[in-house]
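The values are calculated or read from the model by the stated rules, or taken from the named source; none is laboratory data. Quick caveat: nothing in here was measured; it's all calculated off a predicted structure. As a convention, Cβ positions derive from the backbone with ideal geometry for all residues, glycine included, and neighbour counts pool all protein chains shown. Please note that ligands, DNA and RNA were not included when accessible areas were found on the heavy atoms of the full protein model with its side chains. Shrake-Rupley method; radii C 1.70, N 1.55, O 1.52, S 1.80 Å.
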Amino acid sequence: MLDLLHRPRRLRRTPALRAMVRQTSLQATDLIYPLFVHEEDRNEPIGSMPGCQRWCLDALGDEVGRAWDLGIRCVVLFPKVADGLKSEDGAECFNEGGLIPRAIRRLKAEHPHMVIMTDVALDPYSSDGHDGIVSPHGVVLNDETVEILCQQALAQARAGADLIGPSDMMDGRVEVIRTTLDDHGFTDVGIISYTAKYSSAYYGPFRDALDSAPRASGDKPIPTNKDSYQMDPANSREALIEADLDNGEGADILMVKPGLAYLDIVAKLRDKSTLPIAAYNVSGEYAMVKAAAERGWIEERPVVLETLLCFRRAGADLILTYHAPDAALWLRKG
Ligand code: PBG
């Protein structure tokens, strides 16, 4: 026998002991469910995101109702905008009769208690496929973009959005959106800021889903990536600068994106900020799990539940994940 004073395995011996000392929990209210919507009158599956669809507005309400019944309390909406409605300045983003405002109004009528979160950025509406306006010289313009983003946020708030999610990474946008919302009486509409959003290859399937990747148009030199505004994956202290700014500008919740390869950033923000922290388990991460599970190389259910629990352990209060309804169902079944 070894002469051991400490045997950590004592507390791992039975399920009851393990439950007593478990430090992290996961429940459906921790999850935010992203949903893609389009103008067509049928749902359309998304090839690189098995199990996800572009929802037609007629079917969206039922899916949101299903999520509510599973215990999910927040959904975030992303639009696939028809090519004919895209423009260089993305002005369709603040059309109050546009796809997203209409979707919000319907959902608020059908499911008034579900928290509706929106995305603020130009990419689904931009003929250049960027989150901001691209100048004739190929520069993504900051201040000009922020003006349009404010109008977009206002249109979403007017339609009934509860949480506005600026995902564009323009400087100063949180403060100007906050002021705009307040000036128009929307003091109760919150801002969940994409605080540390990295320029990542993990967004590929999402850009397929919305057909929103940067693209060449005419003679204008269009940057092929988002490196001039999204963060460099090599940097971590920079996330703290962004967090300080968003905190000072009036954000209610801070977000880190992508998730899994960035859990160190989640932990850092958790340590340094007193605000709730969200993490985005993005499309590429979802696609990898789905692909491996389809091949029988991993078991989907335990992998997903472990992954989401680890987001919580790293310090995320909230997790945006396409697995949300499946995970909520599995959590319910125990
Ligand atoms: C748009 C936006 C993106 C995502 C959320 N909002 C894509 C991007 O920045 O190119 C990605 C989400 C995902 O991959 O699941 N600004």
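Using alpha-carbon positions, what is the distance between the centroids of the stretch 210-277 and the stretch 113-140, in Å? First find each Cα centre; the distance between them is then 14 Å.
Keeping all protein chains in place, calculate the accessible area per residue for the chain (probe 1.4 angstrom), answer in Å².
Working: 15390 Å² over 334 residues.
In whole numbers, the chain has 46 Å² accessible per residue.
The alpha carbons of the chain stretch over 77, 43, 42 Å along the principal axes, in descending order. With the simple spin-label model, which puts each label point 7 Å out from Cα in the Cβ direction, the Arg313 to Glu299 separation comes to 1.7 nm. For the stretch 25-333, relative contact order (Cα pairs under 8 Å, six or more residues apart, normalised by length) works out to 20 percent. Placing R0 at 22 angstrom, the Cβ-Cβ distance between Thr274 and His113 gives a FRET efficiency of 0.25 after rounding to 0.05.
In the stretch 276-334, carbon and sulfur make up what percent of the accessible area (probe 1.4 Å)?
Details: 1360 of 2510 Å².
Carbon and sulfur: 54 percent of the exposed surface of the stretch 276-334.
Multiplying the residue separation of Arg66 and Glu147 by 0.36 nm and subtracting their alpha-carbon distance yields 25.5 nm.
In this simple spin-label model, placing a label point 7 Å from the Cα along the Cα-to-Cβ direction at both Asp211 and Arg237 gives a separation of 4.5 nm.
Using a Förster distance of 22 angstrom, determine the FRET efficiency expected from the C-beta separation of Gln27 and Glu306, and round it to 0.05. Intermediate values should be presented prior to the final figure.
Working: r = 15 Å, r/R0 = 0.69.
My answer for the efficiency is 0.90.
At R0 = 45 Å, how high is the FRET efficiency between Arg13 and Met288 if r is their beta carbon distance? Nearest 0.05 is fine. Each step should come with its number before you reach the end.
Numbers: r = 35 Å, r/R0 = 0.77.
Once the sixth-power term is evaluated, E becomes 0.85.
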